[in-house]
Amino acid sequence: MSVTLGTATSAVEISDVSVRFQSKRAEVTAVERVSLDVAPGEFVSIVGPSGCGKSTLLKLVSGLLKPSSGSVTLLGEPVRGPRHDIGFVFQRAALLEWRSARRNILLQAEMRGMNAAEAGRRADELIEMTGLSGFENALPHELSGGMQQRVALCRALLHQPRVLLMDEPFGALDALTREQMNVELHRVWRETGTTVLLVTHSIAESVYLANRVIVLTRRPAVVHEVIDVDLPAERDYSATMARPEFASATARIRDLLGAVTGQD
Amino acid sequence: MSTVPADRWRGVVERTWRPAALLAACLAIWHLVTATGMVEAYLVPSPAKTFGLLADKWSYLWGHTWVTTYETILGFVIAGLLGVLVAVAMVYSRTIESTAYPILLFAQVIPKIAIAPLFVVWLGFGFEPKVVVAVLMAFFPVVISTVTGLKSVDTEMLELAATMGGGPVKTFVKIRFPAALPHLFAGLKVAVTLAVTGAVVGEFVGSNEGLGYVILQANGNMDTPMLFAGLIVISVVGVVLFLLLDLAEKLMLPWHASRRGAAVTTLLAKG
Ligand SMILES: Nc1ncnc2c1ncn2[C@@H]1O[C@H](COP(=O)(O)OP(=O)(O)OP(=O)(O)O)[C@@H](O)[C@H]1O
Ligand SMILES: [Mg+2]
């Protein structure tokens, strides 16, 4: 996958974007002059120190936040307000606790006014695909953290968005569940061809899943380096972990992050 | 949760025996205090006499109970609807919030018993001034709890809703309002007990029916047994209305954490 610069073929185009937050005490620059192009169908991971502006970047792309300067284009259209042609997964599952797993997934359809029968079929497909079968009618508090996150993922995929934004979706999971979710997400991405922007703190996760890994500096976030992940498209988990390309990419990112956080 | 009937009964017994025992103890003390002559009978009538009177004058009391209950429910329902409406307006508009808050607070701190006569002057001796006082008493907790509930909605949930593009009405109906229900119910439970007080206060000021009137009459006639009977009936009305709301909450919000917490504590108590 190559980096396409400034052409209409980009799925996401962030050009020279800065974000400043005006709080009572001081002005905080969260993102400084960041440019980034993501090709359709590409999987891009974003890593960086805590508080550097990763979530802010995703909110910019979704239109939940306006940049102080610069511009964001999504699927060829400039982002001016909240966009509906995306799927968003937050760090916390953010489920409605009075709705069952299935009805939480279907919230997406109800809000959009999608055809109910069709949405129901699609929800069942996703439930099957993410291994939630048998838990359709469970309430969120009856589900494990991993299952809740799967519900959130299904909800974000229900309307078949062309761009999927994920903000540390697996941060709260144990290592094993996290690996399973990684494998699942990889399969979903391969099957759907969705463009994915994934913010994560896990270096292994960022490399295993992505075509490219964007390493950000400490706040204000500046793109520190872009790592092209040189791995085959089809990725078996343990086989991938054992590959030298995987080892070199993770080592490079670890170095960069160490240098980035150890600045003072 | 599905429990077998025998289990359910044991649950009911387990939950009720402590308050029942306390009530019995209070009655026993009341009986002892009056039976031993520690307190003169004209100051505190014996429980036997009070409950005897309750049974004898039941049809008389029933009529007045119904009047007070009617005023209470009417006041409560109006306060509930109005309260939720005002709360929604306040949450969605900064201007309305900043304008309404001082007025609301003022209306809350003003002693209702002091303005009740005014309502009698304006509205006469019918049920209307009592309902108005009940509304005034019950309104505030509904507004405060609903505002808190509507504001406590997860911001991420609202952001998610924005990306789903349902618009403000769908977001309110499907996300914001249901999320506010636990708070709303807490407010309604406080409100219904205050509505009873409001109705009785309204009756004190100018009335020829209702439990407030019964108490006022009994007081004038130094009829302490009737006074006690009236107090008991008023308390029962308040408790019954409260329990009805509690039941409605249980049925409507089985998912809510405070309900689940109850199940956890029973488990802990058993273990
Ligand atoms: N609404 C806001 N008002 C003021 N400052 C904010 C706001 N949102 C974020 N910030 C600041 O912007 C910076 C970047 O925040 P952001 O949430 O994007 O970080 P992050 O990289 O996602 O961090 P983490 O990895 O811990 O989630 C932080 O220093 C934060 O304090
Ligand atoms: Mg973040």
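Bear in mind these aren't lab numbers, they're just calculated from the coordinates by the rules spelled out. This is a predicted model, so every value here is computed, not measured. All Cβ positions, glycine included, derive from the backbone under ideal geometry; neighbour counts span all protein chains shown.
Taking the numbered list (1) more than 16 Å from ligand 2 (Cβ to nearest atom); (2) part of a helix (DSSP H, G or I); (3) out of contact with any His (no Cβ under 9 Å at 6 or more places or on another chain) in turn, residue A:134 passes all entries but (2).
Of all the criteria given as (1) within 16 Å of ligand 1 (Cβ to nearest atom); (2) in contact (Cβ under 8 Å) with a residue 40 or more places away in the chain; (3) surrounded by fewer than 19 Cβ atoms within 10 Å (Cβ to Cβ), the one not satisfied by residue A:24 is (2). Taking residues in the stretch A:48-64 that are within 16 Å of residue A:18 (Cβ to Cβ), and partners anywhere that are within 13 Å of ligand 2 (Cβ to nearest atom) and assigned to a loop (DSSP other than H, G, I, E, B), the pairs with Cβ atoms closer than 6 Å and at least 6 places apart or on different chains are A:52/A:219; A:53/A:219; A:54/A:48; A:59/A:65. Counting only residues that are more than 8 Å from every other protein chain (Cβ to nearest Cβ), closer than 20 Å to residue B:77 by Cα and surrounded by 18 or more Cβ atoms within 10 Å (Cβ to Cβ), the stretch B:151-180 holds 1 of them. Quick one: is residue A:74 aliphatic (A, V, I, L, M), out of contact with any Pro (no Cβ under 6 Å at 6 or more places or on another chain) and near ligand 1 (Cβ under 8 Å from one of its atoms)? For residue A:74, the condition - aliphatic (A, V, I, L, M), out of contact with any Pro (no Cβ under 6 Å at 6 or more places or on another chain) and near ligand 1 (Cβ under 8 Å from one of its atoms) - is not met. Is the stretch B:118-132 home to any residue that is surrounded by fewer than 22 Cβ atoms within 10 Å (Cβ to Cβ), touching a Ser or Thr at 6+ places or on another chain (Cβ under 7 Å) and more than 30 Å from residue A:160 (Cα to Cα)? Yes: the stretch B:118-132 contains one or more residues that are surrounded by fewer than 22 Cβ atoms within 10 Å (Cβ to Cβ), touching a Ser or Thr at 6+ places or on another chain (Cβ under 7 Å) and more than 30 Å from residue A:160 (Cα to Cα).
Within the stretch A:157-173, not a single residue is within 24 Å of residue B:153 (Cβ to Cβ), in contact with a Pro (Cβ under 9 Å, 6 or more places away or on another chain) and either in a helix (DSSP H, G or I) or aliphatic (A, V, I, L, M) (or both). For the stretch A:10-36, the set of residues classified as in a loop (DSSP other than H, G, I, E, B) and in contact with a Lys or Arg (Cβ under 9 Å, 6 or more places away or on another chain) consists of A:11 only.
If you take the residues of the stretch A:86-108 that are surrounded by fewer than 21 Cβ atoms within 10 Å (Cβ to Cβ) and in a helix (DSSP H, G or I), which of them is farthest from the other protein chains (Cβ to nearest Cβ)? Step by step, filter the stretch A:86-108, then rank; the result is A:102. When you scan the stretch A:55-74, how many residues do you find that are part of a helix (DSSP H, G or I) and either away from ligand 2 (no atom under 16 Å from the Cβ) or over 27 Å from residue A:232 (Cα atoms) (or both)? Count: 7. In the stretch B:134-170, the qualifying residues are those that are without any contact (Cβ under 8 Å) to a residue 60 or more places away in the chain and charged (D, E, K, R), and the one that is farthest from residue A:93 (Cα to Cα) is B:170. Can you find a residue that is within 16 Å of ligand 2 (Cβ to nearest atom), in a helix (DSSP H, G or I) and under 15 Å from the mean Cα position of the chain (by Cα) anywhere in the stretch A:146-153? Yes - at least one qualifying residue is present in the stretch A:146-153. Does the stretch B:233-258 hold any residues that are of a type in the set (Gly, Ala, Ser) and away from chain A (no Cβ under 14 Å), and which are they? Once the filter is applied, which keeps residues that are of a type in the set (Gly, Ala, Ser) and away from chain A (no Cβ under 14 Å), the stretch B:233-258 yields B:235, B:238, B:248.
Among residues that are within 19 Å of the chain's Cα centre (by Cα), within 9 Å of another protein chain (Cβ to nearest Cβ) and in contact (Cβ under 8 Å) with a residue 60 or more places away in the chain, residue A:83 is not included.
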